[in-house]
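Below is one structure, written out as structure tokens; comments come after it.
The values are calculated or read from the model by the stated rules, or taken from the named source; none is laboratory data. All figures in this text were calculated on a predicted structure; none of them were measured in a lab. For neighbour counting, all protein chains shown are included, and Cβ atoms are generated from backbone atoms with ideal geometry for every residue, glycine included.
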Amino acid sequence: MYLKKTRTNRYLYHVSAKCLREQIFENGLIGKPSSGHENFKNPVFAHNRSIPDLIWYPFVMDGWDWSAQDNYHIITESIYDYLKYQCISKGYDFWEIDTYKMNNVDWYIDFVAVDDFLDGLNFPYYVVTDGWIPPSVIRLYEFHEKNSLKVKNGVAHIEADFRAVS
């Protein structure tokens, strides 16, 4: 596999199942061998974009039944709303990785994902590194049902529905 080192945004996002939350809080993000990434002993994958999207892994891999009947008649006004509903109902966590807090960690374009999902686009949308991301550089994000309004000292602040867990 061809490796191309890349610069990333300060914050990257890793998606995981909610059932792994306590393990990740305790141990950080620990890579596992991957047959498509033989140059990495323990690859850790991330997204180089801060806005959640339906092409973020593992959504496409988890096999949502796109044709399933909506027994609850849920109305979503956008693809973003549909993603939010799926994440809340199926239990996904998002881990923000602060790359500024990591020393000497190289990130590479994940050409396996780029080829599979973006027709080989040469852009670091999907990135991968080898090894371990410590708990000290990650923060948990998730979708909340509603935006949050905080008022203090006469100033109001609206937090988005996709935000860090307090």
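Before moving on, here are some points about what is shown:
- Top-ranked residue in the range 118-139 [being among the hydrophobic types (A, V, I, L, M, F, W, C) and surrounded by fewer than 16 Cβ atoms within 10 Å (Cβ to Cβ); ranked as nearest to Tyr13 (Cα to Cα)]: Trp132
- Of residues in the range 72-109 being at pLDDT 80 or above, more than 15 Å from the chain's Cα centre (by Cα) and β-branched (Val, Ile, Thr), the one nearest to Pro124 (Cα to Cα): Ile109
- Pairs with Cβ under 8 Å, 6+ apart, first in the range 116-141 and under 25 Å from Val165 (Cβ atoms), second surrounded by fewer than 15 Cβ atoms within 10 Å (Cβ to Cβ) and among the small types (Gly, Ala, Ser): Arg139/Ala164; Leu140/Ala164; Tyr141/Ala164
- Residues in the range 142-166 that are of a type in the set (Gly, Ala, Ser) and either in contact (Cβ under 8 Å) with a residue 12 or more places away in the chain or under 20 Å from Gly28 (Cα atoms) (or both): 4 in all.
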